[in-house]
Amino acid sequence: MQPFTTLAAPACPLPLANVDTDQLIPARFMKRPRSEGYGRFLLHDLRFTEDGTVRPDSPLDRPERAGARVLVARRNFGSGSSREAAVYALVDAGFRCVLAPSFGDIFASNAVNNGLLPARLEEREIEQLLAWLEQGGRDLTVDLEACAVRAGNHRFGFAIDPVWRTKLLNGWNDLDLTLSHAEAIAAFAEADARRRPWAGLPPLGPEAG
Amino acid sequence: MAEAPPRRTLFDKLWDAHVVLTREDGQSLLWIDRHFFHEGSHHAFAQLRARGAKVARPALNIGVADHYVPTRTPQRSIADSGIAGMVQGLEANARAHGTRLYGLHDPRQGIVHVVGPEQGLTLPGLTIVCGDSHTSTHGAFGALAFGIGASEVAHVLMTQTLWQRKPKRMRVTVEGTLPAGTGAKDLALAIIARIGADGAQGHAVEYTGSAVRGLSMEGRLTLCNMAIESGARCGMVAPDATTVGFLRGRPLAPQGAAFEQAAEAWLALPGDAGAEFDREVSLQAGEIAPIVTWGVSPEDALPVTAAIPDPDRANDPSRAAQIRDALDYMGLRPGQRLEEVPIDRVFIGSCTNSRIEDLRAAAAVLAGRKARVPGLVSPGSSLVKRQAEQEGLDRIFREAGLEWVESGCSMCVGMNGDLVPAGERCASTTNRNFKGRQGKGARTHLMSPAMVAAAALAGHIADVRPMLEGRS
């Protein structure tokens, strides 16, 4: 995974609360393989009319937001369904960071697993950023080392789980680390089977489900 | 004198029992007792293929066909090749990796969060994960159960473990007795309305108090199912005699003497007296009324007797914008009485409210009456369907004019062909009133099975309580 250190990029305002993952990618698109790219499904029903043309009021498709890599949204971003496809859609559309007052837990975890930074700011700071963007602001800088956002004259610190910060800074993947603990896992499983004999499941027989 | 051991909550005990190791930075590697997967888990299996990896512990991984299954076709045939491919892909992955499978044509097929408990796969004291946010449902048994994303699913498949940071602990205490005409769904929505759709973010929630202890397993499953709609990492209820009674004799639960030993361990799981929580919320069950949602988030919930809020009276501009946006999508006016909102169709089903008790509650309202609008009733599993038919509930639904269909996620997820047409308004027993959740442009009002039945009869949102008078 590509490490995330500092990102200086155009930002796009999305002044909505509770943008759930069903909105981020409607269910009907999730049958597609990721290799097709999920970017065009991002916020699909908010952006496109019935015949597939861009809605005039689509917040993501305004010419001045072209090339946006940071999304600024209101509270509870990415709530709802655990679909990681919501993160794929953001990443494939070019986003590397979402700034919001709060995130759905599962979404935030999925984001970090895909190199997308979910950074928490205070609600009033988000309102200031949204206002700054609406007044013509465009480029901002997200510094993950310093946990800070700079936008025009604004300077805000943001919150991120320190473990997630380290993971993003280094572009780490959990799996290789876990596999290095294979012996500890096997030892745990063996001791646990003695401690909690009721917790296992019989191996699959021909009649087993 | 030796220091007294720390007093631990139910959650602490579940957590501690599963920690393989804890890193210096506080992340713990947790052992996972059960992993359920479904058609949507194809992204994770693709990650395994890309690495040439195998499933580490096939016996602990269980495939269930639910999200994409058809509910209304003869022999459950699937015309759409994309949807058929999803169901076949699940079955192929289960076979290739030698896991358990409850496939489309299995007589025990159903929604994963109904099948798990029904088969005795879900037990107290377990860690249970699934690539589905409503995995919180299984917490009803006193399990640590939560939804995960595709990368985490791949991690569990390959290692049977997951890295987690310990969430904070929150206790929701509900004392008293739920009034007639209300149930677990009303309680769940009342809690979300109180704390907000992100109110429990970062927390493991334990539901407790006499009203919670008084719930059946079905009711507890409904309550924990909706934990995620308050943003909780997971929800749980301490195991007790009700829990043990439900599990005795289930096909994959321990049997005989092993069951009695297990039950002893399970009944030691409830939190120690005086164990501390990071946050406390309490409600009085006696104050709960039938609840319906009016907006596009489960937090937009009010008693059925209330009126739709006015954005001009909201306490901040952000909330006012949220209300305006919701009313615009839902086609509603500020000040409109909820009971005056007409509906176009109803849906009874989903992992929230599709168990036998839910179907009985709806049937008790519908018996001998006719619905004014069309609707679908989809039982939570093929076994629930059979039981309901033995009890004659299917006849009540059919005679009322509703469609009695097969089991699956059906009209809750908008991905299997069961959809609410754009612009139509659906009274639904599901868990999410999100924009487009039940279909593009669909408008969803969440409520209990009894309240959906009442809406079906009235053709508009209606208070079920008068309709229950004189009925048991």
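Over chain B, Cα pairs under 8 Å with separation of 6+ residues give a relative contact order of 17 percent.
Counting only protein heavy atoms and a probe of 1.4 Å, the accessible surface of region B:317-472 is 48% carbon and sulfur. Taking every DSSP bridge with both residues inside region B:291-468, close to 30 percent are antiparallel.
So if I take the centroid of the Cα atoms in region A:53-71 and the same for region B:85-124, what is the distance between those two points in Å? Centre-to-centre (Cα) distance: 41 Å. Charge tally around A:Ala93: other residues with Cβ under 12 Å, Lys/Arg +1 each, Asp/Glu -1 each, net +3. In region B:291-468, taking the dipole from charged Cβ atoms about the Cα centre, the farthest positive-side position among B:His460, B:Pro303, B:Met330 is held by B:His460. In order along region B:197-208, the phi-based Karplus estimate (6.51 cos²θ - 1.76 cosθ + 1.60, θ = phi - 60°) of 3J(HN,Hα) comes to 5, 10, x, 10, 3, x, 10, 8, 9, 10, 8, 8 Hz; Gly and Pro are listed as x. Ranking B:Ser382, A:Ser180 by solvent-accessible area of protein heavy atoms (1.4 Å probe, all protein chains present), from largest to smallest, gives A:Ser180, B:Ser382.
In the full protein context, region B:203-290 carries 37 Å² of accessible surface per residue, based on a 1.4 Å probe and ignoring ligands, DNA and RNA. Surface analysis of region B:291-468 yields an accessible area of 32 Å² per residue, using protein heavy atoms and a 1.4 Å probe. Summarising the label geometry, the points placed 7 Å from Cα in the beta-carbon direction at A:Thr141 and B:His105 lie 6.4 nm from one another. Okay, helix-only estimate at 222 nm for the protein assembly as shown: each DSSP H run of n ≥ 4 adds -39500 (n - 2.57), divide by all residues, round to 500 deg cm²/dmol; what do you get? Rounded to the nearest 500, the figure is -9000 deg cm²/dmol. Structure note, pairs B:Lys185/B:Lys385; A:Lys31/B:Lys166; B:Lys166/B:Lys435: Cα-Cα distances above 23 angstrom occur for A:Lys31/B:Lys166; B:Lys166/B:Lys435.
How charged is the neighbourhood of B:Pro290? Take every other residue with its Cβ under 11 Å from the Cβ of B:Pro290, and add Lys/Arg as +1 and Asp/Glu as -1. Could the numbers behind the result be given before it?
Numbers: positive: B:Lys185, B:Arg465; negative: B:Asp186, B:Glu339, B:Asp463.
Summing Lys/Arg as +1 and Asp/Glu as -1 gives -1.
Among the protein heavy atoms of region B:73-202, carbon and sulfur supply 51% of the accessible surface, probe 1.4 Å, non-protein parts ignored. Accessible area per residue was computed with a 1.4 Å probe on protein heavy atoms; A:Arg32 scores about 80 Å². Would you please give the FRET efficiency between B:Leu267 and A:Ala186, computed as 1/(1 + (r/R0)^6) with r the Cβ-Cβ distance and R0 = 30 Å, to the nearest 0.05? Computed FRET efficiency for B:Leu267 and A:Ala186 comes out at 0.50.
Counts of other chain beta carbons within 10 angstrom of each beta carbon in peptide A:22-29 average 6. For the pair A:Thr166 and A:Ala66 in one chain, pulling the backbone fully straight at 0.36 nm per residue adds 33.0 nm over the alpha carbon distance. Peptide B:245-253 shows a mean partner chain C-beta count of 1 within 10 Å per residue C-beta.
Model label sites at B:Asp240 and B:Arg95, defined 7 Å from Cα along the beta-carbon direction, differ in position by 4.7 nm. Normalised by the number of residues in region B:291-468, the mean separation of alpha-carbon contacts (under 8 Å, six or more apart) gives a relative contact order of 27 percent. Only protein heavy atoms count here; under a 1.4 Å probe, B:Ile461 has an accessible surface of about 0 Å². Hey, for a label at B:Glu339 modelled as a point 7 Å past Cα toward Cβ, could you say which residues of region B:429-472 have their backbone N under 16 Å away? B:451-452, B:454-469, by backbone N distance to the label point. Evaluating 6.51 cos²θ - 1.76 cosθ + 1.60 at θ = phi - 60° for every residue in region A:101-110, the Karplus couplings come out as x, 7, 10, x, 4, 5, 4, 4, 5, 4 Hz, glycine and proline recorded as x. Loop-located GluC sites (Glu not before Pro) in region B:397-472 (DSSP state not H, G, I, E or B) with no more than 14 neighbouring Cβ atoms inside 10 Å: B:Glu469.
Pairs of Cα atoms nearer than 8 Å and 6+ residues apart set the relative contact order; for region B:1-129 it is 29 percent.
Pairing chains B and A buries close to 5300 square angstrom of accessible surface in total, based on protein heavy atoms and a 1.4 angstrom probe.
Take the solvent-accessible surface of the protein heavy atoms, probe 1.4 Å, and return the percent of it on region A:6-171 that carbon and sulfur atoms account for. Show your work: numbers first, answer last.
Details: 2840 of 5970 Å².
Using a 1.4 Å probe with all protein chains present, region A:6-171 comes out at 48 percent carbon and sulfur.
With the simple model of a label 7 Å out from the Cα in the direction of the Cβ, A:Arg55 to B:Lys168 spans 3.5 nm.
All distinct Cα pairs of the protein assembly as shown go into the 1/r average, and the inverse of that average, the Kirkwood radius, is 25.3 Å. Rounded to the nearest 20 debye, the dipole size of region B:1-98 about its Cα centre is 300 debye, using +1 on the Cβ of Lys and Arg and -1 on the Cβ of Asp and Glu. By DSSP, what percent of the beta bridges with both residues in chain B are antiparallel, rounded to the nearest 5? Antiparallel bridges make up about 25 percent of those DSSP assigns within chain B. Note on exposure: B:Arg72, A:Arg75 ranked by accessible area (1.4 Å probe, complete protein assembly) read B:Arg72, A:Arg75, with the most exposed listed first.
Neighbours of B:Gly439, meaning other residues whose beta-carbon lies under 14 angstrom from its beta-carbon, give a summed charge of +2 when Lys and Arg score +1 and Asp and Glu score -1. In order along region B:166-177, the Karplus-derived 3J(HN,Hα) couplings, from 6.51 cos²θ - 1.76 cosθ + 1.60 at θ = phi - 60°, round to 5, x, 6, 10, 10, 10, 10, 9, 10, 9, x, 10 Hz, and Gly and Pro are given as x. Ranked from largest, the principal axis spans of the Cα set of chain A equal 64, 44, 28 Å. When only alpha carbons are used to place a centre, region B:417-438 and region B:245-272 end up 38 Å from one another.
Restricting the calculation to alpha carbons of region B:291-468 gives Rg and Dmax of 15.9, 54 angstrom. Treating each Cα of region B:10-97 as an identical point scatterer and summing with the Debye formula, the log10 of I(q)/I(0) at q = 0.15, 0.19, 0.24 Å⁻¹ comes to -0.73, -0.94, -1.16. Taken as Cα centroids, region A:1-17 and region B:345-360 sit 41 Å apart, rounded to the nearest whole angstrom.
Inter-chain neighbour count for B:19-27: the average number of beta-carbon atoms from partner chains within 10 Å of each residue's beta-carbon is 4.
The values are calculated or read from the model by the stated rules, or taken from the named source; none is laboratory data. All figures in this text were calculated on a predicted structure; none of them were measured in a lab. Virtual Cβ from ideal backbone geometry, glycine too; neighbours counted across all protein chains shown. Note: accessible area is taken over every heavy atom of the protein model, side chains too, but ligands, DNA and RNA are not part of it. Shrake-Rupley method; radii C 1.70, N 1.55, O 1.52, S 1.80 Å.
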